[in-house]
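Notes to accompany the following structure.
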């Protein structure tokens, strides 16, 4: 039986491109991440290459992985200036949908 990894971070090319285009944190310069309140961090590009990640998961016996954004990246705070009055709705919908979807994924993996 293959394992399910329920917490991985993977930055698609579009996210990397947008982080590199930014002039304020969070931003990337090359593969160095700059965030507010943290020292610059050198990101390993291989950790965000889909083919490399899939191969590493297979080698480790992982058949399914749940992806999530990295909190230190600060992406969640990017919504606040645009939608402060609706932030509670975003949190409630994310909580209401996130748990059942995760449970469904585990159920399907175990019974498929």
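Side notes on the structure shown:
- Note on region 2-35: residues that are loosely packed, with under 10 Cβ neighbours inside 10 Å, out of contact with any strand residue (DSSP E or B) (no Cβ under 7 Å at 6 or more places or on another chain) and at negative phi amount to 4.
- Residue check, residue 24 assigned to a helix (DSSP H, G or I) and modelled with pLDDT of 85 or more: no
- On the stretch given as region 43-69, residues that are loosely packed, with under 13 Cβ neighbours inside 10 Å, at pLDDT 90 or above and part of a loop (DSSP other than H, G, I, E, B) total 3.
- Condition check for residue 80: modelled with pLDDT under 90 and touching a helix residue (DSSP H, G or I) at 6+ places or on another chain (Cβ under 8 Å): yes
The values are calculated or read from the model by the stated rules, or taken from the named source; none is laboratory data. Just so it is clear, the structure is predicted and the values come from calculations on it, not from any experiment. Quick reminder, even Gly has a Cβ in these numbers, built from the backbone with ideal geometry, and neighbours come from all protein chains shown.
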